[in-house]
Each structure stands twice: as C-alpha cells, then as structure tokens.
Amino acid sequence: MNQPVSMNSLATLTRDSIADVAGTAIALPDELDLLPVDGLPRWFGRRLAAFFMRFVSMEEAAPRRLSTMLTPVVGYFRRDRHVHPRVAAEGYQLQVTGVGGDKSFDLAALRSLPFEDRVCVQECAGNGNHLMGSAGLCGQARWSGPSLETILECCGGPGDASHFAFHGLDRVPLLKSGYHYGLSLEELREARAIVALEMNGEPLSRRHGFPARLVVPKIYSMSHVKWLGRIEGKTEPHDGIHNRLVFTNKELQGDRWVRVQARWIGLKSAITHCRRARDGWVLTGCAWGGGSPITRVEVTTDGGATWEDADVVTPDEHFERDSRLVADDMRGAWALFTHRWRPHAGEYLLASRVTNADGVVQCMQEDSRIRGHFDVTRVKWRRVRVPG
Ligand SMILES: Nc1nc2c(c(=O)[nH]1)N[C@H]1C(S)=C(S)[C@@H](COP(=O)(O)O)O[C@H]1N2
Ligand SMILES: [Mo]
C-alpha cells in the first residue's frame, strides 16, 4: 500500500500529485491517542501520571484494552495497598463465622462446590474522577467460583447475619490488620455475589487475589476483597474504616451534608480506542452501570454540538451461544459500541453518552449536591489530533 516514492519519479510529478503521493507514502498511524481532557494525565502527561499512580498502588488499564467484551488478565487494572500476600494453596482456609454454623473451607472444598460464572465490570469507585481523568481503573472479566449463597447454604444458611464483612489476608503495614469491606446480605443477594477462584478461565493470579476473592457484580470493586481469608456474618452493618470513611462521598440531604458510601456503579460510557479503518477511523468503547440494560450510545465528534447513534453490542448478544451463561450472570457487564468517523486533519473533542432501558441518560455535569471522588459518571471528553 504505502509504496516508497523514488526521487526520480518525484521529479516528474506535478505539485498536486506530489501531495497525493506523499499522502499515501507517509503511513498514517494505526491508532490515534485519545487524551483525557481533565485529571493528572492532562497536567503531567500519561506516563508521569501512571508513575504517580503507582505510588498509591494504582495501575490503570490502557484505554484500548477496554474495547473488548473480556479484558485480558495481562494489563488488567490493579488497585490495592501495595501488599500482595503470597498465599499457598495448601494450608489455605476460608473461614466463615457468625452464620448458621461456623465453617472453614480449604481450596479443595471450595473447588468441589458448583461453580457459577459472572461477567461483570469491575470498577474502582474513584475511576475517572477529576484527579485521574483517564478512567482506566476498570475492566471486565469472566469470574467463576461458588456463589456466596452456596457457601452460606453449606454453613446452614446466614443464621442471624444481616450484614457481612469480608477480610483479606493482606496485612497492611502499621495497621497490621488486613483489608476489609462490608455489605448487607440484601445487597449481596441483589448483586449475586460469588467467591471467585478463576478469572477468564484461569486460577486467579496473585495480583488479583489468589486463591479466592469476592466478586460483587454492579457494586464498586472496593468490595471485591482479594486474598479472601474470612467471611464474617454480623447483625449490624460493618463499621470498618473503608466503609465509614475511605470510600465515601458527601451528599446534600435537606440542608445537611451527609456521608454516603460508594455502592452501585453509576451509568457511564467512554470512548476507549480510535483505530484506522479502510476509509477513516473507527471509534470503539464501552458503556456500563446504572442498573438496567444499555439501550443506546451516542457519540459526538464536535465537542457536543451534534450527537450520532453508535452501533451497540450488548453482552446478551455477544454471549448468545454460550450455554454456561444465563442472562442474570451478565447483569453487571458492559456493552460495546463502535462508530465510524471520517474526519479531516485537525483537532477534535470527542465523547460518548449512554442511555439505559429506564430512559436515564449519562450526565454531562456532576450533581452539585454531591461532593467527593467516587461514582463520577459525567461524560468523559477526549481530545484527539487527526494527522493529515
Ligand atoms: N484484600 C484486598 N482486596 C482489595 C483491595 C485491597 O487493597 N486489598 N483493594 C480493593 C479495591 S479499592 C479495588 S478497586 C479492587 C481492585 O481489584 P484488582 O486489583 O484485582 O483490579 O480490589 C479491591 N480488593
Ligand atoms: Mo478501588
């Protein structure tokens, strides 16, 4: 395609055709960089931003990795407290306390229970906030393992427990206690939580919680406790620091600012990739959250002046032939979208906006009655330079 042009042949060409030949001789890149408009990457560039994020133990996924139905394990985002315990398969025990009958499961016992699959977005509650901008603290994998419900049945049911705390085996230095997070039984049932032993068909990697982690579709992933060591049934909400303080926003209720915990993933979408096509470019991205099926995604390539419908593939369509997945197993999964684009050379401001089955449309601006870093749903602008 991109034939090199010799000096001899150039000499015989007119000015216009030189431009033509030069246009095909200079290879266009295969993809264009989509730059976030706000957050760290804007001020410091993407590399330096990634470097800063490592200090707080965050690694974002490269945006283009969020353009497929399942995100590969390599390059999947990561967020924790730097400590990745090395848990040996032998000797591992998952303790369940405060339920019908306390019980401990070794890995073989967990593996012998019926496995269920969940395909769902995993998203850090602070993803895409005004500090980070780039929205790469998310991914979508296929998780397999026994459901929390099955584990509780093995323990004679939840007993008096109406709430649960999940404890990780990662001992945080100084605090000396592991990471922990709590949810109500009602929330866990609504979300159809599982204790995942596998991610995309492979045993969990150490960095993503080997040998077992909680996965709670539709709820932000601070609750997806890795290196799960204990499930603690409680008769009251868990009052740990991550619930009470760390993952909270303030919300104006009446005339008072009230602390609220990050919980259900809000309605969002992002353009994550711009790749070259035969004529022009193809924009791809994903749309998720909001609690009901995604029905429409629109794309703007002119800073919001006009919006066009993108082609959407829902998880139900994508996994139609997969007999192991029923519709409920994909409730927390993202839809993918594509949009053809034929721009002239220049600089453009792009974004996507999603609508769900309840008619809710992704917001352009955050609600001024909410303050904080979590559950930031507003439309995610990207700047792109199209070469000529
Ligand atoms: N044990 C443990 N589990 C944890 C954490 C942690 O620090 N320790 N971090 C949580 C947070 S804040 C997020 S966003 C997700 C990230 O999951 P990942 O690193 O597998 O992508 O794990 C959650 N589970
Ligand atoms: Mo997180």
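Quick one: is Ala141 outside the structural domain of Phe52 (by TED's automatic domain parsing) and either part of a loop (DSSP other than H, G, I, E, B) or within 16 Å of ligand 2 (Cβ to nearest atom) (or both)?
So Ala141 fits the description; yes.
Exactly one of these conditions fails for His82: (1) in contact with a Ser or Thr (Cβ under 7 Å, 6 or more places away or on another chain); (2) buried (at least 18 other Cβ atoms within 10 Å of the Cβ). Give me its number.
Going through (1) in contact with a Ser or Thr (Cβ under 7 Å, 6 or more places away or on another chain); (2) buried (at least 18 other Cβ atoms within 10 Å of the Cβ) one by one, His82 breaks only (2).
Does Ala61 count as more than 16 Å from ligand 1 (Cβ to nearest atom) and not in a strand (DSSP E or B)?
No: the conditions fail for Ala61.
Arg42 - would you say it is open to solvent by 40 Å² or more (accessible area, probe 1.4 Å) and either of a type in the set (Lys, Arg) or modelled with pLDDT under 85 (or both)?
In short, yes.
For the stretch 287-388, which fully contained strands (runs of 3 or more DSSP E) count at least 2 residues that are open to solvent by less than 20 Å² (accessible area, probe 1.4 Å) and in contact (Cβ under 8 Å) with a residue 24 or more places away in the chain?
The qualifying strands (runs of 3 or more DSSP E) are 294-300, 335-341, 346-356, 382-386.
Out of Gly136, Gly157, report the one residue that is in contact with an Asp or Glu (Cβ under 9 Å, 6 or more places away or on another chain) and assigned to a loop (DSSP other than H, G, I, E, B).
After applying the criteria, what remains is Gly136.
Among the residues of the stretch 103-118, is any within 16 Å of ligand 2 (Cβ to nearest atom) and assigned to a loop (DSSP other than H, G, I, E, B)?
No, that holds for no residue.
Of the conditions (1) within 13 Å of ligand 1 (Cβ to nearest atom); (2) surrounded by 18 or more Cβ atoms within 10 Å (Cβ to Cβ), Val99 fails just one. Which one is it?
Among (1) within 13 Å of ligand 1 (Cβ to nearest atom); (2) surrounded by 18 or more Cβ atoms within 10 Å (Cβ to Cβ), Val99 violates only (1).
Look through Arg171, Arg206 and report the one residue that is surrounded by fewer than 20 Cβ atoms within 10 Å (Cβ to Cβ), at pLDDT below 95 and away from ligand 2 (no atom under 16 Å from the Cβ).
After ruling out the rest, the residue left standing is Arg171.
Would it be correct to say that His242 is touching a residue at least 12 places away in the same chain (Cβ under 8 Å), assigned to a helix (DSSP H, G or I) and either within 14 Å of ligand 1 (Cβ to nearest atom) or at negative phi (or both)?
yes
Limited to the stretch 200-235, what total is found for residues that are assigned to a strand (DSSP E or B) and touching a helix residue (DSSP H, G or I) at 6+ places or on another chain (Cβ under 6 Å)?
So the answer is 1.
The values are calculated or read from the model by the stated rules, or taken from the named source; none is laboratory data. This one's a predicted model, so the numbers in the text were calculated from it and none came from an experiment. For neighbour counting, all protein chains shown are included, and Cβ atoms are generated from backbone atoms with ideal geometry for every residue, glycine included. Quick note on the areas: whole protein, heavy atoms, side chains included, nothing else; ligands and nucleic acids left out. Shrake-Rupley method; radii C 1.70, N 1.55, O 1.52, S 1.80 Å.
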